[in-house]
Amino acid sequence: MKIKRKRTTKMLTMNVLLLAYPADITKVSPAVTVAWPFKEEAVIGFGGDRVEDNLPHAVWASERWAYDIVMEPYNTGSNETDSYGIWDKEIYSPVSGVVVEAYDEEEDIRANTEEFISSDGNHVYIRIASTGTYLLLNHLKKDSVVLKTGDEVEAGDYIGRVGNSGSTSEPHLHIHHQRQDPTKMLLPVFAEGLPLYFKGIEDSMPIKGSVVKP
């Protein structure tokens, strides 16, 4: 799966090995363990603590422990969004908290193009009740989000559907946990990413290629 972003990793290569952002998962807090956002089987496109499993994210402070989640079929090279298994799938809130921003007015783009308008695309950002930190869910489908800014949300509540908005090569759900309010960050890449685990699955921090059965 090839996630294309504005802040490309090319600037970090310079003929040297890419390294994960230097944050020790055993010393960073708070970590959160959240509910799985789907009610069906999915695959981790990218995820985990190591750059080998999470290259698009692990090199950035803000997305150190982010995930990209897909469903079969994926990484097919097709330009048609509805040919990907996760397209239009229902998303459920992994946490309880308050929505600090909900947006779903951006057009979904064709898969495997460079036509994106923004980095995150349609999204829901939640301030987690238990920690005061933030969970970001990105690349949602246009006109699918049922929440609005200021709403209280409980874990398991319906949020919206998976789309292909923002900087993305194919339909998927991007999810990550960070310390700072994303609506108040002038440069989002400088937010501090925080550990994110999932409850009720065999490996609570699944890595690239893991099949997750809720």
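Laboratory data are not the source of any read-out in this text; all were calculated from the coordinates shown. Note that this is a predicted model, so its numbers are computed, not measured. FYI the Cβ positions are ideal-geometry reconstructions off the backbone, even for glycines, and counts take in every protein chain you see.
Please give the peptides 166-172, 29-35 ranked by average Cβ packing (other Cβ atoms within 10 Å per residue), highest first, as a rough proxy for protection.
166-172, 29-35
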Relative contact order of the chain: what whole-number percent is it, with Cα pairs under 8 angstrom and at least 6 residues apart?
-> 29 percent
Which of [x] 75, 38, 25; [y] 44, 36, 31; [z] 45, 41, 37 is the computed Cα extents along the principal axes in Å? It is [z]
Residue-averaged [θ]222 nm for the chain, counting only DSSP H segments that reach four residues, each worth -39500 (n - 2.57) = -500 deg cm²/dmol
Listed residue (Ala31, His57, Ser144) projecting farthest to the positive dipole end of region 30-212, Cβ model = Ala31
By average Cβ neighbour count within 10 Å, what is the ranking of 181-192, 77-88, 41-52 from highest down?
-> 41-52, 77-88, 181-192
Amide proton proximity set for Val212, modelled H, under 5 Å, gap of 5+ = Ala42, Val43, Ile44
So which GluC sites (Glu not before Pro) in region 110-191 end up in coil per DSSP with only 15 or fewer other C-beta atoms within 10 Å?
-> Glu114, Glu115, Glu154
